[in-house]
Structures are given as C-alpha cells and as structure tokens.
Amino acid sequence: MLEAAIKQQLDQYLQLMEGDVVLRVSAGEDKVSNEMLELVNELASMSSRISVERATLERTPSFSVNRPSEETGIVFAGIPLGHEFTSLVLALLQVSGRAPKVDADTIKQIQNIEGTYHFESYISLSCHNCPDVVQALNVMSVLNPNIAHTMIDGAAFKDEVEAKEIMAVPTVFLNGESFGNGRMSLEEILAKLGTGPDASAFSDKDPYDVLVVGGGPAGASAAVYAARKGIRTGIIAERFGGQVMDTMGIENFIGTAYTEGPKLVASLEEHVKEYGIDVMNLQRAKRLEKKDLVEIELENGAVLKSKSVILSTGARWRNVNVPGEAEFKNKGVAYCPHCDGPLFEGKRVAVIGGGNSGIEAAIDLAGIVKHVTVLEFAPELKADQVLQDRLHSLPNVTVITNAQTTEITGTDKVNGISYVSRETNESHHVELEGVFVQIGLVPNTDWLDLVERNNFGEIVVDRHGATNVPGVFAAGDCTNSAYKQIIISMGSGATAALGAFDYMIRN
Ligand SMILES: Cc1cc2nc3c(=O)[nH]c(=O)nc-3n(C[C@H](O)[C@H](O)[C@H](O)COP(=O)(O)OP(=O)(O)OC[C@H]3O[C@@H](n4cnc5c(N)ncnc54)[C@H](O)[C@@H]3O)c2cc1C
C-alpha cells in the first residue's frame, strides 16, 4: 500500500521505536476497512515491535495505538494517510517510549491536568492545518492517562460529519461538546483548557529595551535584529508565526525555491530562540500607553514596560459583514479553501472576491466541488490574467461581476447567497451549500488609539519604521507599506529594529 520511497523513510523511523506497540484494529468487510488492515499489517511487517490485534472499537474502521499493557487513548478512525501519515508515525514512536519534542514545562503542565478528557478531532487528509491539532492531542494522550484522542477522517465518516454539521476542519470536540476549530498548537489547546499563565507570571519582568508586539515574519525579524545588538528583547504574540502558519506553499521566499508555512515558522522560532529572546506566545496586547517608558497591557491584565516598542500585529481575513456570515461561520461559511474545500465535495459553493486569493480559491475548489460561483463587487476580476485564463477554462465555474453580496442564507447551515446586481439593481439568490470569503485582509490595529493610522487602519510609519509616538515603531502588514509579503515584512521588521536601536542611543 505504501510507496517504496515512503517505505524506505518509514523504515528508518521505525528503527527509532524504543518499546513494543500494539495496534488494536476494528475492521469490517468494507473497502476502507480492508485498506486500513492492509496498512496496519504492512506496518507490523516492517517492525518486530509492532503487533496487530483485532478488537471492537467505537468506530469501524479504526485502530488504537497502545503499549502492550496500557491503552493510551489514541485512536485513528479512517486511514491516516495524506497529511496525517506523519501523525501516525509520531504516535507509533511516542507510544513506543520516544519522548515527544515538547519542553519540560509543557510536559509537566500536561501531566498535571486532572479530570477526564476525551477529544475527538474531525479532519480531512488534505488539510494542512489538521496534523498540528492531531499531533498535539496525541502528545497529550501519550503523556496523561486521563486524556484520550480520536482522529476522525471526515471522508470515511460522512454520516457523522453530516449529523454533527461539521463544515470546517479541523473541528475538535471535548467530551462531546464543541471545543474549537482551525489550527491550534499544543500551547493553544492547553491555554483553552485554562492551564496557561496568569498576570502574576509576568509581574517580575524587568523593562525591555525592545518589546515586539506580534510574532509573524515582521516581529521575528525585528526581534532577531534587536537582540543581535545585545539589548533586552521580548516578543508578545497572540499566535507565533502569524499568517504564515496558514500558508501552504511559499515559492517567493528568495533563496528558498519552495517551503511551507509551518516549516518556515519553525525555523523563525528556532532563530528567535537562539538569541535568548523572551517569547511570550499566546498573549494578546490590548492597550499601549506612553509614559517614561512605553507600557503594553496584556489581555490577562499584566503590564509590560519597554524603552521602545515595535508593533508588528499583521492582518486577518476581512469579513464581508453581511447577515449570515457570523451566524454560519464553520456551518458553511469558510475562509480556508485548502482546509475546508474537501468537506464540500460534490456540493455547490460561492467564492466572494475576484482578486488573486479569490480566483486561486475558485480554481482549487472547482476540482473538488460540483459548482463554483465567483462573486466580484467590481465590474471586472482583479486577479492576474494567468489565473483568470485558467478560471475561464473550467467548466463548472460561473463568474458574476458587479455583484454586491447582501446575505448568506440558511437555517442551521448555509443554503444560499443573495446579491444585488450593481448594474441593474436586481436582487438574486443562488442556492448552494458553502461560501468562501476571500476579500483580503484588515490590519490588527483596532486596539491602538495613540498611534496614527490611515483610512484603512494601517499604522503610518516613516522610512525608519517610526510612528508618531516617540519610541514606538511598526513593521509588516499592520503598516501602510505598499505591499504585503513575507519578505517585505521581514525587511520592515529589520528596519524598525534598527530604527528603535538608533532611537535608544539618541535618547
Ligand atoms: C493564505 C495566505 C497565503 C500567503 N502566501 C504568501 C506567499 O506565498 N508569499 C508571501 O510572501 N506572502 C504570503 N502571504 C502574506 C504573508 O503571510 C504576510 O504578508 C506576512 O505574514 C505578514 O507578516 P507580519 O509579521 O506583518 O504579520 P502576520 O503574519 O499577520 O503576524 C502578525 C502577528 O501578530 C500577532 N498579533 C496580532 N494582534 C496581536 C495583539 N493584539 N497582541 C499580540 N499579538 C498580536 C499575531 O498573532 C501574529 O503573531 C500569504 C498570506 C495568507 C493569509
């Protein structure tokens, strides 16, 4: 079942197993069960440490990954190939006794969790955001016997997905109740469980020389440049990595022909940690005040002080702000075609937005869904001609320009979209099951009042990255830079750090 190259690589990983692992398999007579049996038997044939037992588990087809004398609570329902193959390999290694790559404090935090936690994560094998969640929940199950996790491939359990009205992956349930959607790191899951640090954990922090707010490419670059000057540097990030965490392939990071978002974020994190920068991840800034020092108040009430601050809070998906959008989010309204596209297989969807991201999404979705309707507000599409040509060559796409979306309709989930033609003023309604919103980004600057922003909410900076507030600098997508790209954000992060250093020597 596995290709020769993958088998060769897998063989090397399986040699790292430290103890025996028992795969308990619940299989029927169906095709997926047979394929699953083929996979587990192939694994067992490759390592004498792996054995297979038949069992009856809650879902068929599924299998659990256990130690000989202990159930870990890790179950894969469906076949963990595609993006989840790594999750399976890691589960085998970790259950065999190989320590997960998690720092000692986090391990202690997980081991101290009391109570009973049964997580269920619904995924698609083509979702690049899902393995992070699956692997984090598996690590928690390995480390704490009170925690169990079942990964469920939505494609293999379509009835369950329909019944639970899951229209975005990953979707996680905890003890039967909805827990969260989208990519979540181990730290984010722990924070959601209420095990994160409170304000007291920040009370004894000395003032920083440079405090960076935002941990995307701009913030990481600013922090590295600042720390290389030998000054005390910290980063506060709501989610380290920023938009890059949601990016699949990156082909314009000069010097690297191809990389993937999470890979780039891992190397940013490694680089930042090399300089001893104080990274405060999963912390959101809510207020900036200028006294002798600049003060940043966090959502948890802690106040951090710094001689200079670099704002690099980036941007987020822009909402279309029509009735139904918020109500049906994850119930048919989606923002990530790579992640959620497979859940709309054979269905009808709309893409709102005719720019590059909208048209890329429409092309991508047209290969999966029954029909795509593209709604563009302007009289013509804004995407590059090459994308438009590709789009127009597809048989199952309708493009409607001059269309102002007025409502996303539905009952318990999306059943259509309404728009007004800006040419004729006539109202129209299209029946469909999904809506992908792709109308650009808004800067994460609404929490700032002292700092000058333009009409789009972008922070106005000069050529040193300085804002109107002395000692406060800004970089990346949250600023009025003409273009928003990774490499541009990194460059402006470096500029802001050098600007901040210059400000400090002069003051
Ligand atoms: C789907 C997608 C694909 C893309 N593909 C590419 C590509 O191929 N090539 C390319 O060059 N660019 C690409 N981009 C654009 C690129 O990702 C951005 O230009 C870049 O990430 C901007 O970096 P940034 O650091 O300015 O902001 P962001 O990446 O947005 O990071 C902002 C950081 O600030 C944090 N933050 C926000 N508010 C607060 C707060 N109040 N308190 C604390 N922290 C906060 C966030 O959690 C995050 O850590 C893509 C973007 C998307 C969405």
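Since every read-out is calculated from the coordinates, none of them should be taken as a lab result. Computed from a predicted model, the values in this text were never measured in an experiment. Quick reminder, even Gly has a Cβ in these numbers, built from the backbone with ideal geometry, and neighbours come from all protein chains shown.
Using only the Cα atoms, work out Rg/Rh for the chain, with Rh taken as the Kirkwood radius, to two decimals.
Details: Rg = 24.5 Å, Rh = 24.7 Å.
Computed over Cα atoms, the ratio is 0.99.
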TODO: Please list, in chain and number order, the residues 5+ apart from Met184 or on another chain whose amide H is under 5 Å from its amide H, with Hs placed from the backbone.
DONE: Val133
- [ ] Could you go through the stretch 479-496 in sequence order and give the Karplus-derived ³J(HN,Hα) for each residue, using 6.51 cos²θ - 1.76 cosθ + 1.60 with θ = phi - 60°, rounded to whole Hz, and x for Gly and Pro?
- [x] 9, 7, 5, 5, 10, 10, 8, 4, 5, 6, 4, 5, x, 6, x, 5, 4, 5
Task: Rg/Rh (Cα only; Kirkwood hydrodynamic radius) as it applies to the stretch 1-117 - done: 0.98
Task: Antiparallel content of DSSP bridges confined to the stretch 4-192, in %, to 5 - done: 55 percent
Task: J(HN,Hα) series, the stretch 172-185, from Karplus relation 6.51 cos²θ - 1.76 cosθ + 1.60, nearest Hz, glycine and proline x - done: 10, 10, 10, 6, x, 9, 4, 10, x, 10, x, 4, 9, 7
Task: Given charges at beta-carbon only (K, R positive; D, E negative), |dipole| of the chain in Debye - done: 1060 debye
Open item on the list: Can you give me the long-range amide H partners of Thr409? Hydrogens built in the peptide plane at 1.01 Å from N, cutoff under 5 Å, separation of 5 or more residues or another chain.
Closed with: Asn415, Gly416, Ile417, Ser418
Task: Proximal lysines relative to Lys229, as straight alpha-carbon distance under 26 Å, when same-chain residues fewer than 8 apart are discounted - done: Lys205, Lys273, Lys290, Lys291, Lys305, Lys307
TODO: Give the percent of DSSP beta bridges with both residues in the chain that are antiparallel, rounded to the nearest 5.
DONE: 50 percent
- [ ] With a point put 7 Å past each Cα toward its Cβ, work out how far Glu70 is from Ala482 in nm, to one decimal.
- [x] 6.0 nm
Open item on the list: I want to check the label-to-label distance for Asp159 and Tyr275. Put each point 7 Å from Cα in the C-beta direction and report it in nm to one decimal.
Closed with: 5.7 nm
Open item on the list: Please list, ordered by chain and number, the residues whose modelled amide H lies under 5 Å from the amide H of Leu2; skip anything fewer than 5 residues away on the same chain.
Closed with: none
Open item on the list: I'd like the Karplus ³J(HN,Hα) series for the stretch 43-53: coefficients 6.51, -1.76, 1.60, θ = phi - 60°, whole numbers in Hz, and an x wherever there's a Gly or Pro.
Closed with: 4, 5, 6, 8, 9, 6, 7, 9, 10, 10, 10
- [ ] Among the lysines, select those whose C-alpha is under 21 Å from the C-alpha of Lys158, and discard any that sit fewer than 8 residues away in the same chain.
- [x] Lys31, Lys329, Lys331, Lys347, Lys370, Lys413
- [ ] Compute the distance in nm between two label points, each set 7 Å from the Cα along the Cα-to-Cβ direction, one at Glu289 and one at Glu42.
- [x] 6.2 nm
- [ ] For every helix of n ≥ 4 consecutive DSSP H residues, a contribution of -39,500 (n - 2.57) applies; sum these over the chain, divide by its total residues, and give [θ] at 222 nm rounded to the nearest 500 deg cm²/dmol.
- [x] -8500 deg cm²/dmol
TODO: For the stretch 211-281, give the share of DSSP beta bridges that are antiparallel, in percent and rounded to the nearest 5; count only bridges with both residues there.
DONE: 30 percent
Open item on the list: Net charge within 13 Å of Gly176 by Cβ-Cβ distance, Lys/Arg positive one each and Asp/Glu negative one each, not counting Gly176 itself?
Closed with: -3
